[in-house]
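The next block holds one structure in the form of structure tokens; read it before the comments.
The values are calculated or read from the model by the stated rules, or taken from the named source; none is laboratory data. Nothing here was measured: the structure is a model prediction, and the numbers come from that model. Note: ideal-geometry Cβ built from the backbone for every residue, glycine included; neighbour counts use all protein chains shown.
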Amino acid sequence: MSPIVLAISSIVVGGAIVLLAGEFSFLRGAHHAGLYLGLALGLLALGCYLRAPVAYEIDPSRFLIVRLRMGMHRFGPVKKSGPAAEPVSLGVRLWGNGGLFAVTGLFWNRQWGKFRAYVTNIKEMVVIELEDGRRVLISPVNAQEWVIGD
């Protein structure tokens with residue numbers, strides 16, 4: 001996990017724990033805003049944790065499979081792929097998670113237009129181009145081994 005993703009995850013999880021612990025130690029009060037906020041942060045963190053990528057593979061029929069802690073996504077077929085040659089701007093997040101256990105979701109930037117991202121390490125990214133022209137950004141441990149096509 002990259003340092004920024006680790007920092008964001010630690011802050012959110014720590015904040016949820018502090019809010020819940022503080023609320024349970026002062027249950028005498030009539031307002032339980034800390035309890036509700038702590039539960040909401042905890043549920044958000046759990047959802048993001050379960051939807052974070054844990055493995056990537058290209059199956060024999062050249063489909064990209066992104067395995068999550070709970071579930072998977074299948075894209076393809078893959079036209080070409082390789083490590084990002086330059087720092088990639090994630091641009092505008094249209095829908096998704098911006099750093100809680102991973103950077104996932106639908107993004108837009110000027111260079112590529114809309115693309116999907118399933119990234120845990122923003123310094124070691126691989127760009128996958130599908131035959132239909134869509135792009136998927138991933139962050140496998142062995143980024144240099146992900147060269148396909150051109």
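What the table below lists for this structure:
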item	result
Residue within the stretch 128-139 that is in contact (Cβ under 8 Å) with a residue 40 or more places away in the chain, in contact with a helix residue (DSSP H, G or I) (Cβ under 6 Å, 6 or more places away or on another chain) and surrounded by 17 or more Cβ atoms within 10 Å (Cβ to Cβ) present	no
The stretch 4-16 residues that are over 20 Å from Tyr36 (Cα atoms) and without any contact (Cβ under 8 Å) to a residue 24 or more places away in the chain, paired with ones that are surrounded by 14 or more Cβ atoms within 10 Å (Cβ to Cβ) and aliphatic (A, V, I, L, M) (beta carbon under 8 Å, 6 or more apart)	none
Any hit, the stretch 40-51, residues being outside any helix (DSSP H, G or I), surrounded by 14 or more Cβ atoms within 10 Å (Cβ to Cβ), of a type outside the set (S, T, N, Q) and at pLDDT 90 or above	yes
Pairs where the first residue, in the stretch 100-126, is in contact (Cβ under 8 Å) with a residue 60 or more places away in the chain and over 19 Å from Ala85 (Cβ atoms) and the second is among the aromatic types (Phe, Trp, Tyr) and outside any strand (DSSP E or B), C-beta under 7 Å, 6+ apart	Phe101/Tyr49
Complete set of residues in the stretch 66-92 that are assigned to a strand (DSSP E or B), within 12 Å of the chain's Cα centre (by Cα) and modelled with pLDDT under 90	none
Ala117 vs. criteria surrounded by fewer than 16 Cβ atoms within 10 Å (Cβ to Cβ), on the phi < 0 side of the Ramachandran plot and in a strand (DSSP E or B)	no
